[in-house]
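First comes the structure, then the notes that go with it.
The values are calculated or read from the model by the stated rules, or taken from the named source; none is laboratory data. Predicted, not measured: the structure shown is a model, and the values here were computed from it. Glycine gets a Cβ as well: all are built from the backbone with ideal geometry, and neighbour counts include every protein chain shown. Note: areas computed on protein heavy atoms with side chains; ligands, DNA, RNA excluded. Shrake-Rupley method; radii C 1.70, N 1.55, O 1.52, S 1.80 Å.
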Amino acid sequence: MFGKTYNSSVIEKDFALIQELQLNTIRVFVPYEAFGKANVDPKKLMQLKQTLDIAERHKLNVIVTLFDFYGNYDVQDWTLNHRHAEQIVNALKNHPALVAWDIKNEPDLDFESRGKLKVIAWLKEMIKNIRKWDSKTNITIGWSSTEAAENLVEEVDIVSFHYYKEPKDFLKSFAVLKNKAKGKDLVLQEYGYSSYSGFWNLFTGSIDDQAAYYKEMQLYIEQENIPFVLWTLYDFETIPTSVVGRLPWRKNQQKYFGLFTVDGQPKDALQYIKPKK
């Protein structure tokens, strides 16, 4: 999204489509290394601000997810991490489209490899510093599940969770988290279903299955009045190895989470996406 292939006209077109669907929020990921680590690339920072400008024109709120593709958490890196976040936060904190800082996407997936205590300590440190630089904007963390979202409830303003399990189990999982959220607002920050049907999933998926998933999930979302951000607008032609690894069954599935095909044709699931009233 940022760099040599950045194209504001493409973003303008997509944001106009989101506005036409009467949806009101997008989530933007800021890759740590690609943005220059401690020395943030001013050109990429300008492109990020331009993205928020385009969102504002189309009446879209923006959740900015920081530290994408970062996974070290060592204390020796904290000063570099602070400098990186400080430049981005100070550049955007007064932007009218900004609705929340998302410290990191699914940091709980690093608990096993990096150590839960180390990851939690890093998250607390980032929250403390971002509040120092920007005391007005909501802070959240994009946990990968309702179970993981029970972490750091007291430190965040919004409890965000992702859900890719069976729809029939959603309400039970949500109720448990709601009971432990200490009255904080809850956001279903990422959910969806792949329409991929091919060799790598034994031809079990389909556009009909994706539509059935959204039909059921949206009933529960409406019933509980849950703000939601879905994954995602378009299918992808290619999925970088850095996103899901090299395994072909994961890469192929990830290509087909969109509500639209790669050439812009709406899929059946789109009919069940309703704006939050």
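Report whether or not residue 102 is under 20 Å from residue 24 (Cα atoms) and within 18 Å of the chain's Cα centre (by Cα). If you could, list the steps in order and put the result at the bottom.
Working: under 20 Å from residue 24 (Cα atoms): yes; within 18 Å of the chain's Cα centre (by Cα): yes.
For residue 102, the condition - under 20 Å from residue 24 (Cα atoms) and within 18 Å of the chain's Cα centre (by Cα) - is met.
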Pairs only if they're at least six apart or on different chains, beta carbon under 7 angstrom, first in the stretch 70-93 and on the phi < 0 side of the Ramachandran plot, second assigned to a helix (DSSP H, G or I) and among the acidic types (Asp, Glu); list them, first residue then second.
-> 71/110; 78/125
Where residue 219 falls short, out of the listed (1) over 10 Å from residue 193 (Cα atoms); (2) in contact with a strand residue (DSSP E or B) (Cβ under 7 Å, 6 or more places away or on another chain); (3) among the hydrophobic types (A, V, I, L, M, F, W, C) = (2)
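Of the residues 172, 182, only one is of a type outside the set (A, V, I, L, M, F, W, C), closer than 30 Å to residue 124 by Cβ and assigned to a helix (DSSP H, G or I); which?
172
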If you scan the stretch 223-252, which residues turn out to be open to solvent by 50 Å² or more (accessible area, probe 1.4 Å) and at pLDDT 95 or above?
-> 223, 224, 225, 231
Scanning the stretch 106-160 residue by residue, those under 19 Å from the mean Cα position of the chain (by Cα) and among the small types (Gly, Ala, Ser) turn out to be 142, 144, 145, 148, 149, 160
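How many of the residues in the stretch 253-264 are on the phi < 0 side of the Ramachandran plot and open to solvent by less than 50 Å² (accessible area, probe 1.4 Å)?
Applying the first criterion (on the phi < 0 side of the Ramachandran plot) to the stretch 253-264 yields 253-263.
From the residues that got through so far, the ones that are open to solvent by less than 50 Å² (accessible area, probe 1.4 Å) too are 254-255, 257-261.
Count: 7.
State which residue is modelled with the highest pLDDT when the search covers only the stretch 265-277 and only residues that are basic (Lys, Arg) and open to solvent by 80 Å² or more (accessible area, probe 1.4 Å).
This residue is 274.
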Which listed residue is of a type outside the set (D, E, K, R) and surrounded by 14 or more Cβ atoms within 10 Å (Cβ to Cβ), from 65, 79 = 65
Go through the stretch 253-264 and count every residue that is at pLDDT 95 or above and in contact with a helix residue (DSSP H, G or I) (Cβ under 7 Å, 6 or more places away or on another chain).
-> 1
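Rundown of residues vs (1) open to solvent by 70 Å² or more (accessible area, probe 1.4 Å); (2) part of a loop (DSSP other than H, G, I, E, B); (3) modelled with pLDDT under 95; (4) among the small types (Gly, Ala, Ser), yes/no style:
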position	(1), (2), (3), (4)
2	no, yes, yes, no
28	no, no, no, no
40	no, yes, no, no
46	yes, no, no, no
71	no, yes, yes, yes
91	no, no, no, yes
102	no, no, no, no
Selection over the stretch 63-81 where residues are within 25 Å of residue 159 (Cβ to Cβ) and more than 21 Å from the chain's Cα centre (by Cα) yields a count of 1
Members of the stretch 184-217 found to be open to solvent by less than 20 Å² (accessible area, probe 1.4 Å), more than 18 Å from the chain's Cα centre (by Cα) and polar (S, T, N, Q), listed by number | 195, 210
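Could you please find all residues in the stretch 162-183 being open to solvent by less than 60 Å² (accessible area, probe 1.4 Å) and not hydroxyl-bearing (Ser, Thr, Tyr)? It would help to see each step written out before you state the result.
Of the residues in the stretch 162-183, the ones open to solvent by less than 60 Å² (accessible area, probe 1.4 Å) are 162-163, 167, 170-171, 173-175, 177, 181.
Within the stretch 162-183, 162, 167, 170, 171, 174, 175, 177, 181 meet the criteria.
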